[in-house]
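A short reminder: the numbers here are calculations on the coordinates, not readings from a lab. Since the structure is predicted, the reported quantities are computational estimates derived from the model, not experimental observations. Cβ atoms come from the backbone with ideal geometry, glycine included; neighbour counts cover every protein chain shown.
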Amino acid sequence: MCPLTNREQWRWLFYGPAIGVVFVCALLVWLYFPPKHPRGIPWRQAVRILDYVGAILFSIGAVLVLTGVIYTNLVPASSPRVIGLLTSGFGVIVAFGLWEHFTPLEAPMCPPKIFAKHWGREFTFPFMAATIINMFYYSTNVAYISQVSIHIRKAPRDLTWVR
């Protein structure tokens, strides 16, 4: 039986891209030969000196903060759950910043010198530009759809005006 002829065909919207990703990853492993590392060190050594603790700290902090922000749509913002998630998330992000600043790492994930170079201008402008671009993305893909669903309750029955 063809998988697209039964009632479960919507699942192939997810299976198809997953199969494509597996295929592309196999091609990358087979055909891609990475160039020399920019610092001139072997790739195995570059992977060894990565800042895994910093990556874990930042990931945990970002997940906690974003979960707290999402919970404000479900429960009041003064809820202990929201306050706990946000304070612990921001605390972990502060711990990440302290880790990056005070730990002598060969390859820090977020080197403090990028914030000090030219008084932070080289980092701040691209960061602000990316933030503004993301605000546009979310306004068109999240806020607009929410507004349409609130303000337009029913679809018009008579579509003769569309022609």
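Looking at (1) over 20 Å from the mean Cα position of the chain (by Cα); (2) touching a residue at least 24 places away in the same chain (Cβ under 8 Å), which one does M109 not meet, given that it meets all the others? The number of the failed condition is (1). Among the conditions (1) farther than 30 Å from F33 by Cα; (2) touching a residue at least 24 places away in the same chain (Cβ under 8 Å); (3) surrounded by fewer than 14 Cβ atoms within 10 Å (Cβ to Cβ); (4) among the hydrophobic types (A, V, I, L, M, F, W, C), the only one that F125 does not satisfy is (2). For the range 71-82, a residue qualifies if it is out of contact with any Phe, Trp or Tyr (no Cβ under 9 Å at 6 or more places or on another chain) and surrounded by 13 or more Cβ atoms within 10 Å (Cβ to Cβ), and the qualifying residues are Y71, T72.
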